[in-house]
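Working notes, beginning with the structure itself.
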Amino acid sequence: MHELHKQKWRLYALFAITVGCFAVLASRLVYIQIVQHDHFYALAQEEHWRSEEIPARRGTIMDSASNPLAISVSFDSLYANTLQIDDPDKLAEVLAPILEVPVSELEQKLSLKQAAPVLLKEHLPAEKADEIRKMRLWDIYLRPEYRREHPQGKLAAQLVGVVGRDGNGLSGLELKWDSDLAGKPGSLLAERDTGGEEIALSAAEYVAPVDGSNLVLTIDRTVQMIVERELDAAMQQHQAAAGTVLVMDPYTGAILAVASRPGFDPEAKDLFSAETVPLYSIPAVADAFEPGSIFKIITMAAALDAGAVTPETAFMNNGSFSYAGGVVRNAVWRAPGMETMTQTLQRSSNIGAAFAATTLGPERFYSYVQAFGIGAPTDIELPGESPGILRLPSSPDWHPFDLATNSFGQGVSVTPIQMVTAVSAVANGGLLMKPYVVKEVDGPTGRRVYHPTLMAQVIRPETAAKLTQMLVSVIETVEDGQVRGARVAGYHLAGKTGTAEVPTESGYASDRTIASFIGFGPVESPRFVIMVTIREPKDTPWGETVAAPVFRNIASQLLPYFGAAPSVPEEVQAMESRR
Amino acid sequence: MSSEVLRPGLSVGRRARTQLSHLPVAFPIALVLAMLIGLLYLNQASVVATTGYEVRGLETERQHWQIRNEQLKLEIAQLRSLDRVETEARRLGLGPPEQRLFVTRKATAEEWARSPVAQKQQLDRSSVSVDDEQEQATEWWKVLLDYAQNWLTTRFLPKPDPGL
């Protein structure tokens with residue numbers, strides 16, 4: 001009886017243990033299937049379905065003749081599924097000579113045990129990718145990825161700009177036009193097999209990517225190359241701190257070339273380094289500076305157009321000019337006596353410019369200066385444009401003496417793009433054209449064409465013609481037996497030099513200048529306006545000896561390039577026969 | 001059912017036995033049919049899968065050639081770059097001209113339309129206000145006078161000295 005009772009108890013215990021085990025299993029099952037349903041369902045879906053973003057091709061940036069300046073090209077990158085690799089050392093030995101990387105580096109990458117694919121080598125050349133493809137290696141695969149290429153090298157690097165590692169524009173046109181260039185990525189949601197590959201002809205959701213639009217610029221790569229070479233030569237010759245050259249078509253406002261130094265190489269490895277990033281900006285639109293004597297063109301245009309002076313109006317230049325409690329002097333002291341307005345420009349007389357501005361009066365002077373676009377952004381489609389600084393009589397910090405100093409480009413800041421736009425109005429007969437650098441956007445979403453935009457008639461055509469002749473005389477007048485630095489044999493060009501001191505917190509630095517020249521030609525039918533700015537030249541401070549020769553060198557190459565016939569062909573032939 | 005119509009006198013048990021007697025024949029046929037259907041399905045699935053992977057392979061190959069095409073286009077652009085063209089030209093012994101000869105000819109209508117002078121005239125016209133246009137329209141003799149003056153200036157009068 002006792003034995004029977006004992007056996008029953010054992011049976012009950014066994015039953016209880018069995019039921020308990022089943023209960024534990026059942027509760028675990030309930031926990032997994034019901035409580036954690038969403039989590040495991042998501043894991044299963046992730047295992048079974050592959051969701052992949054398909055990048056859109058970034059649009060190409062081209063010059064005016066459709067030569068690519070920046071283009072996205074696919075290259076194969078090599079990846080490894082390291083979890084399934086049994087012998088990483090052996091694989092590393094096979095791949096290392098092809099990839100031209102140390103075996104140890106590859107071994108380290110292949111030994112990583114991670115679910116995500118490991119990048120072995122980015123952007124392989126075609127022949128290397130083919131070699132690897134032919135080897136048919138398991139757990140190693142090639143994936144095409146876009147790389148931004150610059151077929152013209154460093155040409156117009158700052159203007160074109162930089163694209164970050166994430167494919168977004170960081171500077172220049174790449175930044176400003178990012179929404180057009182970037183396009184829209186697509187996606188692929190597909191079933192995959194045990195190897196992780198997409199199951200052929202299985203259910204899939206595919207959304208095609210929309211490629212980015214192409215930009216066609218107004219930039220002419222030949223003009224750009226000429227400009228960059230001459231700027232490089234000037235920078236080296238004068239050991240300057242920085243330099244900018246801007247070339248514009250005066251009739252349309254189209255930018256033909258824009259170059260700045262120091263620059264950067266868009267293909268360089270240190271593209272994203274702390275030293276290179278500050279060079280991304282475009283000084284032609286971002287850097288405002290005191291223009292100095294080149295601003296006299298605007299002063300004289302205003303005074304002539306308002307009828308305050310004529311080219312022949314003379315005044316007594318006795319070496320100084322007192323106005324509103326201040327005294328104006330020339331950069332180089334001289335008291336030539338009676339001086340006409342034409343001579344004011346030829347000699348770059350501060351006193352003459354102050355005379356013209358004060359004769360005109362502050363109200364009309366600043367009205368003209370504003371009409372020329374000084375003190376306001378030009379709204380060109382480039383990032384970081386500065387409006388410059390222009391204090392008006394209504395400003396609390398404006399002093400009546402500012403009228404005199406502003407007349408010769410002191411106490412006012414402009415950008416090269418503002419000056420080129422203003423002087424283009426003198427070159428084309430008084431019409432202020434809106435500067436632009438993108439002439440066409442063409443892509444899957446449509447085509448937009450940008451036409452020249454006339455903003456205002458700022459001076460009368462007669463005024464522009466008179467001022468042009470005055471500026472021609474600036475270049476062609478022989479002073480002390482010296483031919484001016486901007487003179488090009490056989491052609492009539494117009495222009496003006498500028499030598500501005502660099503403003504500091506305690507006044508103006510005596511040892512640092514900004515040498516500049518702005519001019520256009522040929523005056524009969526101008527093809528270009530060129531502005532040259534060389535900052536802090538070491539050997540000589542003057543615009544006449546630093547910037548004017550750069551203008552001459554560029555103009556002498558552009559004139560035949562544009563097919564401009566010389567006004568005096570004999571001069572050209574005489575010069576060439578002397579060689 | 002048809003046997004029931006033809007032979008209405010058969011009992012239920014007889015009919016069941018008759019149906020069961022067909023079973024040894026019908027079952028293997030059904031089994032073979034099922035196998036055939038299964039085989040057909042497997043074959044089709046296999047063919048579809050193989051074709052699918054072939055399609056995938058061809059797509060990969062197409063992608064490969066597209067990439068190669070892009071890379072060749074880049075190579076063309078690099079070979080056309082001004083630096084490279086200049087280097088090649090210098091290697092071939094070419095250089096800037098030592099002397100230039102200027103020949104003038106009349107421009108065609110298309111060339112004239114593209115010229116800066118024509119562009120300037122177009123801009124001048126676009127900048128004329130409505131009032132000015134009306135004035136020009138009414139005072140036709142002014143236009144005629146200007147035209148005559150321009151013609152005389154360009155034909156007979158000496159050109160102004162651009163150097164002042």
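A short reminder: the numbers here are calculations on the coordinates, not readings from a lab. Every value quoted in this text rests on a predicted model; they were computed, and no experiment measured them. Heads up, the Cβs are rebuilt from the backbone with ideal geometry, glycines too, and the neighbour counts pull from every protein chain shown.
Kindly identify the range A:340-495 as rounded, prolate or oblate by the Cα gyration tensor criterion: order the square roots of the eigenvalues as a ≥ b ≥ c, call it rounded if a/c is under 1.5, otherwise compare a/b with b/c, prolate if a/b is larger, else oblate.
oblate
In percent, rounded to a whole number, the relative contact order of chain A is 14, using alpha-carbon pairs under 8 Å and six or more apart. Per residue, the average separation of C-alpha pairs within less than 8 Å and at least 6 apart gives the range A:443-579 a relative contact order of 21 percent.
Between A:ALA268 and B:TRP141, the modelled label-to-label distance comes to 7.1 nm, taking each label 7 Å out from Cα in the direction of the beta carbon. If you look at the Cα atoms of the range A:151-307, you get an Rg and a Dmax of 22.9, 87 Å. Compute the helix-to-body angle for A:362-371: its Cα long axis versus the longest principal axis of chain A, expressed 0 to 90° and rounded to tens. Roughly 40 degrees between the two axes.
Fully extending the segment from A:TYR41 to A:SER320, taken as 0.36 nm per residue of separation minus the present Cα-Cα distance, adds 91.5 nm. Loop-only check: which trypsin sites (Lys or Arg not before Pro) in the range A:41-115 are DSSP coil with at most 16 other Cβ within 10 angstrom? Passing both the DSSP loop test and the Cβ count: A:LYS113.
Between the helical axis of A:461-476 and the longest alpha-carbon principal axis of chain A there is an angle of about 80 degrees.
Positive contributions from Lys and Arg (+1) and negative ones from Asp and Glu (-1), summed over other residues with Cβ under 11 Å from the Cβ of A:ALA259, come out at 0. Cross-link reach is defined here as a Cα-Cα straight distance under 19 Å, omitting same-chain residues fewer than 8 places apart; for A:LYS184 the aspartates and glutamates meeting it are A:GLU52, A:GLU53, A:GLU145, A:ASP166, A:GLU174, A:GLU205, A:ASP211, A:ASP442. Distance between the 7 Å Cα→Cβ label points at A:THR504 and A:TYR12: 10.4 nm. Taking each DSSP H run with n ≥ 4 as -39500 (n - 2.57) and averaging over every residue of chain A yields -10500 deg cm²/dmol at 222 nm.
With a simple spin-label model that places each label point 7 Å from the Cα along the Cα-to-Cβ direction, the separation between B:LEU42 and A:LYS134 comes to 3.9 nm. Note that the range A:168-174 has calculated 3J(HN,Hα) couplings of 9, x, 10, 7, x, 5, 4 Hz, one per residue in order, obtained from phi through the Karplus relation 6.51 cos²θ - 1.76 cosθ + 1.60 (θ = phi - 60°); glycine and proline are x.
Annotation: amide H of A:LYS439 within the under-5 Å range of A:VAL216, A:LEU217, A:THR218, sequence separation 5 or more or interchain, hydrogens built in the peptide plane.
In the range A:333-394, what chymotrypsin sites (Phe, Trp or Tyr not before Pro) fall in a loop by DSSP, with at most 16 other Cβ atoms inside 10 Å?
Filter output for the range A:333-394: A:TRP333.
Each Lys and Arg Cβ is given +1 and each Asp and Glu Cβ -1; about its Cα centre, chain A then shows a dipole of about 660 debye. Dipole magnitude for the range A:321-462: about 260 debye, using +1 per Lys or Arg Cβ and -1 per Asp or Glu Cβ, origin at the Cα centre. Taking square-rooted eigenvalues a ≥ b ≥ c of the alpha carbon gyration tensor, is the range A:39-155 rounded, prolate or oblate, where a/c under 1.5 means rounded and, failing that, a/b exceeding b/c means prolate? It is oblate, given that a/c is not under 1.5 and a/b is not larger than b/c.
Shape call for the range A:496-579 from the C-alpha gyration tensor, a ≥ b ≥ c root eigenvalues: rounded (a/c under 1.5), prolate (a/b greater than b/c) or oblate? Prolate.
What do you get for the angle between helix A:569-578 and the principal long axis of chain A? Use alpha-carbon atoms, 0 to 90 degrees, nearest ten. Between helix and principal axis, roughly 80 degrees.
Hey, got the dipole for the range A:1-132? About the Cα centre, +1 on K and R Cβ, -1 on D and E Cβ, debye to the nearest 20?
Numbers: 12 positive and 19 negative charges, 252 e Å.
Magnitude of the dipole: close to 1200 debye.
Here the gap between A:HIS48 and A:GLU191, fully extended at 0.36 nm per residue and compared with their Cα-Cα distance, gives a gain of 50.9 nm. Per-residue 3J(HN,Hα) values for the range A:420-426, derived from phi via the Karplus relation 6.51 cos²θ - 1.76 cosθ + 1.60 with θ = phi - 60°, read 5, 5, 5, 6, 4, 5, 6 Hz in sequence order (x marks Gly and Pro). Each Lys or Arg adds one and each Asp or Glu subtracts one; over the other residues with Cβ under 14 Å from the Cβ of A:LEU170, this totals +1. Here the 3J(HN,Hα) profile of the range A:180-192, calculated from phi with Karplus coefficients 6.51, -1.76 and 1.60 at θ = phi - 60°, is 7, 6, 5, x, 10, x, x, 8, 9, 10, 9, 6, 10 Hz, Gly and Pro shown as x.
Computed from Cα atoms alone, the Kirkwood hydrodynamic radius reported for the protein assembly as shown is 32.4 Å.
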